[in-house]
Structures are given as C-alpha cells and as structure tokens.
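Worksheet for the structure shown next.
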Amino acid sequence: MDAQQFFSTVDRLDRFLGSLVRAQEAKQQTAQRHSTRVGELARAVGPVFGFSGGALDDLFRAALVHDIGKIGIPDAILDKPGPLTAAERDAMRAHALIGADLVAPLARSKSLVPAIRHHHEWWDGTGYPDGLAGTDIPLAPRIIAVCDSWDAMTCDRPYRQALGAQHAAVELRDGAGVQWDPAVVNAFLANVLGGAAPRPGGNQALPAVALTAVSA
C-alpha cells in the first residue's frame, strides 16, 4: 500500500495530510515518492521493535509526513545542485520545526510531532533541532532516520548521484552509534536487506559526499 492508497482509506485528517505530502513532493521534484518509500521501509522495520496494528499505522503515517516542513523551504535551497552555504543549511534544517508546528494543531498529532521534529537528531547528540542523544530520541524518529537516510543515499539528488546498495549499507554500518541507533541499523539491514549487507572495511571507501547527503 502506497501513500495515496493509505490516505484514501482513512479519515479526513489523513486525507488532508496526504494532500500536504503530495504538495511537498510536487514542490521538490527530486523527492517524488520519497515519503512513500520511507513509509514502506519504516513499516518493514517497525515490527522488530514491537510496532503492530494501529501503532504500526501511526509509524507509517509519521514516516509519510516526516519531511512535510520542506513545503516552507525555498525551491532554490531544496534543489540547489552544489553545497549549501551555512545560512542555507540553517534554513534547510528549519524544516523539522516547520513541519512539527504545521501538524501540531491537528487532532491525533501526538505520534506525528516527535517523528517530524526529531528525525534529524543523531545518536551521539550532534543532530538537530534539540541535540537529543541515544534513547532520549523517541523510537519512531530513530527508525524513520535510518529509512530516510537509506532512501536519500540510494536515490539521485541535485548534489550527487545515487549510491549503490552495498555502499549505502556500509555507510549505515559506519554511522551506527554516531548518526543512527545501532539497533535500528542492524534491524534495517537484517530485515530489509536480508542480512546480506557488507561489513565495515570490507569494501572500497565511499565518496566523501555520502554523509553530506544524509545530514540535511
């Protein structure tokens, strides 16, 4: 089930959220279907951590809207083909707060706000917007962060070409315990990639742009 099918089967609120997702993806051409893919990946990983039934639906819904705040970011920044300036990077990072503020007034937003606000927090505490670390980061955004980063790395972006699956898997393993929750990385690689991902150090070095691609 993709985003359109999901939102067509649920209530008016979800259809409204679906319209926002479609508007955001239409605004950022390179992100089309990104939200759906992240939602599907999160739904595959969620059961490992006890998500089922309505809770799993909530995780899927949160993953679909995790980037909704990008609707408030200028196109020139979203689609810039080169590195962002410090000011542009700060503007891009604001999407986490913009998105959380956007959905906060809505009914049943309790599961959405943390996922939107915290999906760029890093396991080591150097992420944004609140500098949360480890298990202080809610579980849903920890799952979404890995799924979001995987999709970002394996799809073409204005600033770099897509990485292959093996290279992206190495990035996830190398970033476990720094950027991402190690348990979520392990679950993702075992359950989504079937445990066939390479171990760190077993492949050639990755391009230096790889981590830049998943930190915005």
Filtered residue count, segment 66-90, keeping only those that are surrounded by 17 or more Cβ atoms within 10 Å (Cβ to Cβ) and of a type in the set (Gly, Ala, Ser): 1
Using the structure shown, decide if MET153 is hydrophobic (A, V, I, L, M, F, W, C), over 30 Å from GLY54 (Cα atoms) and touching a residue at least 60 places away in the same chain (Cβ under 8 Å). no
Which of (1) assigned to a helix (DSSP H, G or I); (2) buried (at least 20 other Cβ atoms within 10 Å of the Cβ) is the odd one out, the single condition ASP174 does not satisfy? (2)
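Considering every residue within segment 136-150, establish whether at least one is surrounded by fewer than 15 Cβ atoms within 10 Å (Cβ to Cβ) and free of Cβ contacts under 8 Å to residues at least 24 places away in the same chain.
Yes, segment 136-150 contains a residue that is surrounded by fewer than 15 Cβ atoms within 10 Å (Cβ to Cβ) and free of Cβ contacts under 8 Å to residues at least 24 places away in the same chain.
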Selection count, segment 75-108, where residues are more than 18 Å from the chain's Cα centre (by Cα) and closer than 20 Å to ALA63 by Cα: 5
Condition first: without any contact (Cβ under 8 Å) to a residue 24 or more places away in the chain, part of a loop (DSSP other than H, G, I, E, B) and of a type in the set (Gly, Ala, Ser). Now tell me which residues in segment 84-128 satisfy that. ALA104, SER109, GLY125
Scan segment 162-188 for residues that are more than 19 Å from PRO141 (Cβ to Cβ), more than 15 Å from the chain's Cα centre (by Cα) and hydrophobic (A, V, I, L, M, F, W, C) and jot them down. ALA162, LEU163, ALA165, ALA169, VAL170
Looking only at segment 58-76, count how many residues are closer than 17 Å to ALA23 by Cβ and outside any loop (DSSP other than H, G, I, E, B). 8
Name the residues in segment 102-131 that are out of contact with any Gly (no Cβ under 7 Å at 6 or more places or on another chain) and under 14 Å from TRP180 (Cα atoms), would you? HIS118, HIS119, TRP122, ASP124, THR126, GLY127, TYR128
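Any read-out appearing in this document is the output of simple, stated calculations on the displayed coordinates, not a laboratory observation. It should be emphasised that the depicted structure is a prediction, and the values quoted were computed from it without experimental measurement. Every residue, glycine as well, gets a Cβ built from its backbone with ideal geometry; the counts of neighbours run over all protein chains shown.
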